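Input: a single structure, listed below in structure tokens.
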Amino acid sequence: MTDLPEELVLFPSTRRALLHRIAVAQAEGRAPSVAAAVARGGEIVWEGSRTSVAGHGPDGNVQYRIGSISKTFTAVLVLRLRDEGLLDLGDPLEKHLPGTAAGEVTIAQLLAHTGGLAAETPGEWWERTPGELRAELGEVLGSEPFRHAPGRRHHYSNPGYTLLGSLVEAVRGKPWEEVLRAEVLEPLGLERTTAQPSQPHAGGWAVHPWADVMMPEPLEDLGLMAPAGQLWSTTRDLARFAMFLARGDARVLSAESVREMRTAASPPEPGIAEWGYGLGMQLLDAGGRRLAGHSGSLPGFVAGLWLSEADDVAAVVLANCTSGLAASGLAVDLVGIVAEAEPRIPEPWRPFREADPVELDVVGPWYWGTSPFALRLTADGVLELSPVGATGRAARFRAASDGTWTGLSGYYAGETLRAVRRADGAVSHLDLGSFVFTRLPYDADAPVPGGVDPQGWRGIG
């Protein structure tokens, strides 16, 4: 971190605030140890740790178990299959993994936890028992796998991600762990992320709720449930993974595909999520700051990984206790400390590479009825529609090959923006999902739905 560009080096006051926050969390949460890292601008800019054993503080190379953050890795593998054209997210599971009791559920529903499947497996607590007790998918799902009708609501499901891991194996013809290493871990340089612990690694501990004593938690191989929570990793590896989730990497997933993972695919569940769930990523709003990431826990370990795209900041927290320290909330706090103390320095303004005259004649002021909007072309070729001086729906559009633009988010996501031209080639109006935008409020020379009063604008008298 000593070779960081000047604009990425954190102030001493910010580094102290980060250390103070994890120190308070370790002391009050009574965690045997906690390790943390912060990344911004594509680099790890801070690492810190606290431990109950003097002189044995973990560094960014020490492994902890990361629990359900494993689900995000599994989701990356599924999105890779989609991007290769080997499956569609709307496909029913049965098409690629036949013979399960959940074949009607779509791949997208499994990724977003809207398949209606049970939260846990039947029988004994799967996180503290050997994976061989659930050697078949039927033992993971049980005789009654559904709790809700598929597609009706968000209901977090660990067995759902077991099915996704088995789906990866069925399509690739290789074990989940082998596919993960070859297609994600090795390309991203995540050498310390493994399915089995590798020294140096922390031991998992349960701390007594009413006394300052502790005992070791059992370490189980999760078997078929591995895609839902098996992985071990380090703060350095997870910080790099967080940067990938923010930016994409052509060797693994494009920026567009990781953006899709960070986009809400199911609504928030009251009392559980504050924003919703994407494709293998949890989403929340923390103090007005939109974050994407995932929490994780297994007996003996808690973990949190969160990133703010707008602030270009990510934080990772790992601890080796079953409960007490809220690792996920602590990671959110670390993101906030950096984002608020050292706001992101914007990139220099640069002009568009080449302004297309066809695009230039659609920018400027437009009116939807009497509501004014501004349409501008950004340097990255995106059209931005924004309300002017009043409330209204803002939107961003990416050019399509047929001369139209496709909505990227919000109300107009997936909708088509089209410039309708007169016989002489001049733009008459914009059509946005049947809404007509005109150069003047209720322009009499444009096909305004319902027509325009022939007497035009006038006063009361």
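The values are calculated or read from the model by the stated rules, or taken from the named source; none is laboratory data. Because the structure is a prediction, the values reported are computed rather than measured. Neighbour counts are summed over all protein chains in view; Cβ atoms, including those assigned to glycine, are modelled from backbone coordinates with ideal geometry.
Brief remarks on what is shown
- Checking each residue in the stretch 1-58 for being free of Cβ contacts under 8 Å to residues at least 12 places away in the same chain and among the basic types (Lys, Arg) picks out only Arg16.
- The set of residues in the stretch 266-301 being of a type in the set (Ser, Thr, Tyr) and at pLDDT 95 or above consists of Ser295, Ser297.
- Filtered by the rule that a residue be under 20 Å from the mean Cα position of the chain (by Cα) and among the polar types (S, T, N, Q), the stretch 76-109 gives Thr106, Gln109.
- The strands (runs of 3 or more DSSP E) found wholly in the stretch 271-351 and carrying at least 1 residues that are surrounded by 19 or more Cβ atoms within 10 Å (Cβ to Cβ), over 20 Å from the mean Cα position of the chain (by Cα) and in contact (Cβ under 8 Å) with a residue 12 or more places away in the chain occupy 289-298, 301-308, 313-319.
- Filtering the stretch 394-410 to residues that are modelled with pLDDT under 90 and either assigned by TED's automatic domain parsing to the domain that holds Ala265 or within 22 Å of Ala446 (Cβ to Cβ) (or both) leaves only Gly403.
- Considering the conditions (1) under 24 Å from Asp445 (Cβ atoms); (2) in contact with a helix residue (DSSP H, G or I) (Cβ under 9 Å, 6 or more places away or on another chain); (3) not β-branched (Val, Ile, Thr), Trp366 is excluded by exactly one of them, (2).
- Residue selected from the stretch 372-382 under the condition surrounded by 14 or more Cβ atoms within 10 Å (Cβ to Cβ) and in contact with a Phe, Trp or Tyr (Cβ under 6 Å, 6 or more places away or on another chain), by the criterion nearest to Leu360 (Cα to Cα): Leu375
- Only a single criterion out of (1) crowded, with 16+ Cβ neighbours inside 10 Å; (2) part of a helix (DSSP H, G or I) is not satisfied by Thr121, namely (2).
- Residues of the stretch 197-217 that are loosely packed, with under 12 Cβ neighbours inside 10 Å and part of a loop (DSSP other than H, G, I, E, B): Gln199, His208, Pro209, Trp210, Ala211, Asp212, Val213.
- Residue in the stretch 141-149 that is at pLDDT 90 or above, out of contact with any strand residue (DSSP E or B) (no Cβ under 7 Å at 6 or more places or on another chain), in the same structural domain as Val76 (by TED's automatic domain parsing) and assigned to a helix (DSSP H, G or I) present: yes
- Residues that are loosely packed, with under 12 Cβ neighbours inside 10 Å and out of contact with any helix residue (DSSP H, G or I) (no Cβ under 9 Å at 6 or more places or on another chain) within the stretch 383-409 comprise Gly389, Ala390, Thr391, Ser401, Asp402, listed in sequence order.
- Members of the stretch 178-196 that are within 22 Å of Ser33 (Cβ to Cβ) and exposed (fewer than 15 other Cβ atoms within 10 Å of the Cβ): Glu191, Gln196
- Residue check for Ala310: assigned by TED's automatic domain parsing to the domain that holds Gly42, out of contact with any helix residue (DSSP H, G or I) (no Cβ under 6 Å at 6 or more places or on another chain) and at pLDDT below 95: yes
- Within the set Gly138, Gly103, Gly115, Gly99, the sole residue that is over 30 Å from Leu188 (Cβ atoms), assigned by TED's automatic domain parsing to the domain that holds Thr263 and touching a Pro at 6+ places or on another chain (Cβ under 9 Å) turns out to be Gly103.
- For the stretch 62-98, the tally of residues that are part of a loop (DSSP other than H, G, I, E, B) and out of contact with any Gly (no Cβ under 9 Å at 6 or more places or on another chain) stands at 11.
- The residue that is surrounded by the most Cβ atoms within 10 Å (Cβ to Cβ), counting only those in the stretch 156-174 that are touching a Ser or Thr at 6+ places or on another chain (Cβ under 9 Å) and within 9 Å of Leu77 (Cβ to Cβ), is Gly165.
- Counted residues, the stretch 27-42 - those being under 24 Å from Phe241 (Cα atoms) and at pLDDT 95 or above: 8
- The condition (being of a type in the set (A, V, I, L, M, F, W, C) and farther than 23 Å from Glu183 by Cβ) is satisfied by just one residue among Leu97, Leu81, Leu93, Leu117: Leu117.
- Annotation for the stretch 137-160: no member residue is among the β-branched types (Val, Ile, Thr), closer than 22 Å to Leu298 by Cα and in contact with a Gly (Cβ under 8 Å, 6 or more places away or on another chain).
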